[in-house]
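Below is one structure, written out as structure tokens, with a few remarks after it.
Bear in mind that the values in this text are calculations on the coordinates, not laboratory data. These numbers were taken from a predicted model, which means no experiment stands behind them. Cβ placement follows ideal geometry from the backbone for every residue including glycine, while neighbour counts extend to all protein chains displayed.
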Amino acid sequence: MTDPLASKPKTVAMTPESAAREVTAAYKKIKAEVQKVIVGQDQVLDELLMAILCGGHALVVGVPGLAKTLLISTIARTLSLGFSRIQFTPDLMPSDMTGTEVIEEDKSTGSRELRFVKGPIFSNVILADEINRTPPKTQAALLEAMQERQVTAGGIRHHLPAPFFVLATQNPIEQEGTYPLPEAQLDRFMFNIKIDYPTEEQELLIVQRTTAVHDAQVETVLSGEEVLRMQSLVRQVPVADHVVRYALRITRATRVRDEIKKPEVVENYVAWGAGPRASQYLILAAKAKAILSGASHVMPEHIQAIALPVMRHRIITNFNAEADGVTTDDIVNTLLKDTRVDTSDAATLKRMDAVMR
């Protein structure tokens, strides 16, 4: 009899240094392939790849023409994974995305039965284009897929393939006839990534490439099994308790209803603060940042580097912030500047081996 575990990849014990080398090498290969097509946008690319390495979803916000869709589809081409693009429109129904049940007749017997036909959501990398243009009913169906990694149809649960990422795009300047994502759904996105205009030199190269004969061939870098392995290695990066508490202080400082002394910027401009998922993603994203930086453990500067994309969509500002032109990015930057790392517990600093997360 065949051993059912024989075909499964065996977990190999790795030191933090060897894990960092393996993940960094894969990251550099993906980035090199993507840059054959995409000019600039290094930070956006880094944040998208970190979301994938963490197994999280990402929302990319930017005006039209900044290659949001092209960037995500190019990343998908570097991975040996299933890819689906779903163009969200006001008439898109949940079944158009998740799939539907159809009646199938057996011509030999004449019997009929219901068969579930899978929709485009049954893939590994989902490009949800202009996600705020579809009604709440369809957004809610996507929410279940993002959070539960499954689709329910006819009372039956259908599990989605692993790995599974939703990389969504949104246009921030045209809001007429759109359906803003509710806070519960925004919170499911690990990153809210802002994409900006290219520099003059980058735009020059873009124009030269796109107006000439340029057909870049993007090669596949990682398989689905290798992506899952990278995600496991990221989660093995150690983080000390005082660094976790530093992340918690940043998150908890945004909660206006907590009975703690809050920074002045929060008192004046925040209506609702970030929840526990922000703390979770701060640590997980910092682990990805640390391993890509070649570090053997998470340091406070890694949390500072990823705080904006993790926090900016989890803070709700009030009328005073709108009147004074204060954004969530301004609030997060102020908190990062004012929040100090507590290193008073010297014993904690010496117990790095015992603080694996």
Completion exercise
In nm², the average projected area of the convex hull spanned by the Cα atoms of region 27-172 is 10.4
Completion exercise
For LYS118, counting only aspartates and glutamates whose alpha-carbon sits under 12 Å away and dropping same-chain residues fewer than eight positions off, the answer is ASP96, GLU101
Handout entry: Most fluctuating residue given options LEU81, LEU53, LEU66, as computed from a GNM of the chain linking Cα atoms under 10 Å
Key = LEU66
Fill in the blank from the handout: With Cα coordinates, the longest principal axis of the chain makes an angle with the long axis of helix 136-148, in degrees rounded to 10, of 80
Practice task
Work out from phi, with θ = phi - 60° and the Karplus expression 6.51 cos²θ - 1.76 cosθ + 1.60, the ³J(HN,Hα) of each residue of region 41-48, listed in order in whole Hz, and give x for Gly and Pro.
Solution key: 6, 4, 5, 4, 4, 4, 5, 5
Handout entry: Calculated from backbone phi, Karplus (6.51, -1.76, 1.60) coupling profile of region 200-206 in Hz, x at Gly/Pro
Key = 4, 5, 5, 5, 4, 5, 4
Exercise for the section: Please figure out what share of the DSSP beta bridges in the chain is antiparallel and state it in percent, rounded to the nearest 5. Expected result: 40
Fill in the blank from the handout: Taking R0 as 30 Å and r as the Cβ-Cβ distance between PHE83 and ILE316, the FRET efficiency 1/(1 + (r/R0)^6), rounded to the nearest 0.05, comes to 0.35
Completion exercise
Taking the chain, the whole-percent share of alpha-carbon pairs separated by over 30 angstrom is 45
Exercise for the section: Would you please report the Å³ per residue occupied by the convex hull of the alpha carbon atoms in region 113-242? Expected result: 249
Exercise for the section: Taking amide H positions as placed in the peptide plane 1.01 Å from N, state which residues far from THR317 in sequence (5 or more) or on other chains have amide H under 5 Å from it. Expected result: ALA271
Handout entry: Built amide H within the under 5 Å cut-off of LYS194, gap 5+
Key = VAL61
Exercise for the section: Order by neighbour count: LYS287, LYS261, LYS194, fewest other Cβ atoms within 10 Å first, most last. Expected result: LYS261, LYS194, LYS287
Handout entry: Members of LYS194/LYS289; LYS36/LYS337; LYS68/LYS289; LYS68/LYS337 lying beyond 29 Å, as alpha-carbon distances in this model show
Key = LYS36/LYS337; LYS68/LYS337
Problem - Residues THR134, THR211, THR69, THR152, sorted so that the one with the fewest Cβ neighbours within 10 Å comes first - result: THR211, THR152, THR69, THR134
Exercise for the section: List, in order, the whole-Hz ³J(HN,Hα) value for each residue of region 245-254 obtained from phi through the Karplus relation with A = 6.51, B = -1.76, C = 1.60 and θ = phi - 60°; use x for Gly and Pro. Expected result: 5, 4, 5, 5, 5, 5, 5, 5, 5, 7
